[in-house]
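One structure is given below, encoded as structure tokens.
The values are calculated or read from the model by the stated rules, or taken from the named source; none is laboratory data. A quick note: this is a predicted structure, and the numbers were derived from the prediction, not measured. Note that each Cβ is placed from the backbone with ideal geometry, even for glycine, and that neighbours are counted across all protein chains shown.
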């Protein structure tokens, strides 16, 4: 096929650049695909206006109107989608209803489809402000989309195993969430020495995990000059004298993390957490920050015990490791030295770009 005659239609939930899941699953590859001759069109379900209110409390009628606009855009695309050679669906086509658009694209228009996902999205789950939609969501669509796909990009082995259990004949590839270690996460932490900074970054959907860490941090703060930095789109539900909240933004996220001595990622051992792709740990390590994480899912592959961080389950383990790192400067320096290279080698745009491009190009022979 001639250069410039390859067209990829990306169907995703959110506007470009708005959601970490999209930015670190496929948007970082767009420039690489374009350089290889792909023309790309990204079509979100939620427009920019909808995104502003989506996770706010209330606003139900505005959200319903936003939902209807999204369905109208999805319906219209079946009339012009035939000009694309390949379709990529990230996470879902729509939050409710059957994925009939995917059926038209793959069964009627005969387009090879990639399904990309990075969470256990077949398990019912939604934000607190949108609980009213929980009974309306079609979680079975994950399996339906997998069965309609030619290729599945699963973020980890747990998700890949689920995809295989769905049947349908798609080729299943584990494609990790990646970090741009050259253009974005390209600096190394150099925190202040007058306090021990324990940091966490994440969205409202994972903020609840910090509740388990609060008593541990309170004990730590009684022994050391501690600052607990939380970088998120929403404030934690609790407060304490040593907590510093920093509103997340794409422009300041790296700067906000560079103050950390240690980055934490507490999780609870359940199926939803098993589907997580370790993005917080990847961010910390890429910036030279040791990670202390729960030994759940892919975290056990990303964090090597006592090499670039620690895997902690019980509260006493968390407290013991954080106490050790707060009191032992040479240990912290050694852990920090072992962080970044592993991310560059296994979880970076540089390390995965060729494989990603090869997989997408392979569908042109479909």
Checklist line | Hits in segment 244-300 - residues which are touching a strand residue (DSSP E or B) at 6+ places or on another chain (Cβ under 7 Å), surrounded by fewer than 17 Cβ atoms within 10 Å (Cβ to Cβ) and in a strand (DSSP E or B) | finding: 244, 245
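For residue 75, are the conditions met, namely being in contact (Cβ under 8 Å) with a residue 24 or more places away in the chain, in a helix (DSSP H, G or I), in contact with a helix residue (DSSP H, G or I) (Cβ under 6 Å, 6 or more places away or on another chain) and assigned by TED's automatic domain parsing to the domain that holds residue 355?
No; evaluated as a whole, the condition is false for this residue.
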Checklist line | Flag if residue 198 is at pLDDT 95 or above, farther than 26 Å from residue 317 by Cα, buried (at least 21 other Cβ atoms within 10 Å of the Cβ) and touching a helix residue (DSSP H, G or I) at 6+ places or on another chain (Cβ under 7 Å) | finding: no
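Within segment 319-347, count every residue that is within 24 Å of the chain's Cα centre (by Cα) and assigned to a helix (DSSP H, G or I).
The total comes to 8.
Just one of 311, 332 is surrounded by 14 or more Cβ atoms within 10 Å (Cβ to Cβ) and touching a residue at least 40 places away in the same chain (Cβ under 8 Å); which is it?
332 is the lone residue from the list that is surrounded by 14 or more Cβ atoms within 10 Å (Cβ to Cβ) and touching a residue at least 40 places away in the same chain (Cβ under 8 Å).
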Note to self: Being part of a helix (DSSP H, G or I) and closer than 17 Å to residue 22 by Cα is the filter here; which residues of segment 37-72 pass it?
What the structure shows: 48, 50, 51, 52
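Here is a yes/no grid of residues against (1) surrounded by fewer than 22 Cβ atoms within 10 Å (Cβ to Cβ); (2) under 20 Å from residue 178 (Cβ atoms); (3) in contact (Cβ under 8 Å) with a residue 40 or more places away in the chain; (4) not assigned by TED's automatic domain parsing to the domain that holds residue 353:
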| residue | (1), (2), (3), (4) |
| --- | --- |
| 11 | no, no, yes, no |
| 16 | yes, yes, no, no |
| 20 | yes, yes, yes, no |
| 24 | no, yes, yes, no |
| 27 | yes, yes, no, no |
| 32 | yes, yes, yes, no |
| 36 | yes, yes, yes, no |
| 45 | no, no, yes, no |
| 48 | yes, no, no, no |
Note to self: touching a helix residue (DSSP H, G or I) at 6+ places or on another chain (Cβ under 8 Å), crowded, with 21+ Cβ neighbours inside 10 Å and closer than 19 Å to residue 260 by Cβ: is that true of residue 224 in this structure?
What the structure shows: no
Check: Mind checking which residues of segment 124-171 are buried (at least 17 other Cβ atoms within 10 Å of the Cβ), modelled with pLDDT of 90 or more and assigned to a strand (DSSP E or B)?
Finding: 151, 152, 153, 154
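Counting only residues that are over 19 Å from residue 355 (Cβ atoms) and touching a residue at least 40 places away in the same chain (Cβ under 8 Å), how many does segment 152-182 have?
Total satisfying the criteria: 2.
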Margin query: Checking the condition modelled with pLDDT of 95 or more and assigned by TED's automatic domain parsing to the domain that holds residue 208, which residue from 269, 291 passes?
Written below: 291
